[in-house]
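Here is the structure we will look at.
The values are calculated or read from the model by the stated rules, or taken from the named source; none is laboratory data. In this text the structure is predicted, and so the values were computed from the model without any measurement. Here Cβ is always computed from backbone atoms with ideal geometry, including for glycine, and neighbour counts include all displayed protein chains. Note: areas computed on protein heavy atoms with side chains; ligands, DNA, RNA excluded. Shrake-Rupley method; radii C 1.70, N 1.55, O 1.52, S 1.80 Å.
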Amino acid sequence: MASSDSRLTIHMAASLDGFIARKDGRVDWLETADEFAAGATMEPAEVEAFLKTIDCYVMGSRTYETALRFESQGLGWAYGNTPTFVLTTRSLPRTRDSVQFHSGDLARFVNDRLRPAYRTIWFVGGGVLSAECLRLDLADELRYSILPVLIGEGISFFEKLDRDVALHLAEVKAYRNGMVELRYEVPRGRSAR
Ligand SMILES: NC(=O)c1ccc[n+]([C@@H]2O[C@H](COP(=O)([O-])OP(=O)(O)OC[C@H]3O[C@@H](n4cnc5c(N)ncnc54)[C@H](OP(=O)(O)O)[C@@H]3O)[C@@H](O)[C@H]2O)c1
């Protein structure tokens, strides 16, 4: 796969007030009970087909620790057998072959290792890693799934972003469960590319 074909997407779900987790890391609020009659539904087969288009996942260590906790609680592993890269400077448990750890320069990792090998690269959080990815001008696309709930305080979608990032709204889709998915393109050609 040619590196020029690759596409880096940041995707997370957030409360309407822009938080991806409570301050203590809990994401219990992700289960909402809303119903929006005119919204779309996605059949399990559609979800499965869509997930197959993702070539690798990248996540921060705290998001990985949440995923491990879910797995230990019997809630499963959301990333299947798709290669999953965890950014960390620590030594963390590895429960499956598809997980690899990396530490260091994120721009070099994305441009020299991920882009030449994977076409569809999904950064799945959390806020620290997403902000680093945007600060370094590495993202092509941003998918923001807004859930119908306000939680008041928590971990922001982007932690400590130090400048404005202008976006192009490419798609808006509302779902039956009250979730709205916004898809933005991140203008290319700034520093670090
Ligand atoms: N709502 C959603 O869709 C969603 C999605 C994802 C996560 N979350 C939630 O968000 C929370 C975690 O987010 P977060 O912002 O606190 O943390 P995070 O972004 O998941 O992880 C940050 C950590 O990743 C490591 N890291 C980042 N960049 C690195 C680099 N270039 N090299 C080496 N290590 C690097 C560092 O940890 P080390 O100390 O290990 O080096 C850093 O402290 C969890 O509660 C999770 O459940 C929610």
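Observations
- Proximal aspartates and glutamates relative to Lys160, as straight alpha-carbon distance under 13 Å, when same-chain residues fewer than 8 apart are discounted: Glu132
- Spatial extent of the range 1-77: Rg and Dmax, with the Cα atoms as the point set, Å: 15.6, 43
- Qualifying GluC sites (Glu not before Pro) in the range 29-126, where qualification requires a DSSP coil assignment and no more than 13 other C-beta atoms within 10 Å, comprise Glu31, Glu35.
- Estimated translational diffusion coefficient (Stokes-Einstein, Kirkwood radius over Cα pairs, 20 °C, 1.002 mPa s) of the chain: 122 µm² per second.
- When you count the other C-beta atoms within 10 angstrom of each residue and take the mean per peptide, 54-60, 165-171 line up highest first as 54-60, 165-171.
- The alpha-carbon of Lys173 sits under 24 angstrom from the alpha-carbons of these lysines, leaving out residues fewer than 8 places away in its chain: Lys52.
- Entry note, the chain: the mean residue ellipticity at 222 nm calculated from DSSP H runs of n ≥ 4, each adding -39500 (n - 2.57), is -4500 deg cm²/dmol after division by the residues and rounding to the nearest 500.
- Highest mobility in the GNM of the chain, judged by mean-square fluctuation with C-alpha springs under 10 Å and restricted to Val99, Val124, Val172, is found for Val172.
- Label point at Phe36 placed 7 Å out along Cα→Cβ; residues across the range 166-184 whose backbone nitrogen lies under 13 Å: 172-183
- Whole-percent carbon and sulfur share, accessible surface of the chain, 1.4 Å: 52 percent
- Of the trypsin sites (Lys or Arg not before Pro) found in the range 94-144, those in coil by DSSP whose Cβ has at most 13 other Cβ atoms within 10 Å are Arg94, Arg96.
- Theoretical FRET efficiency, 1/(1+(r/R0)^6), r = Cβ-Cβ of Arg90 and Arg26, R0 25 Å, to 0.05: 0.70
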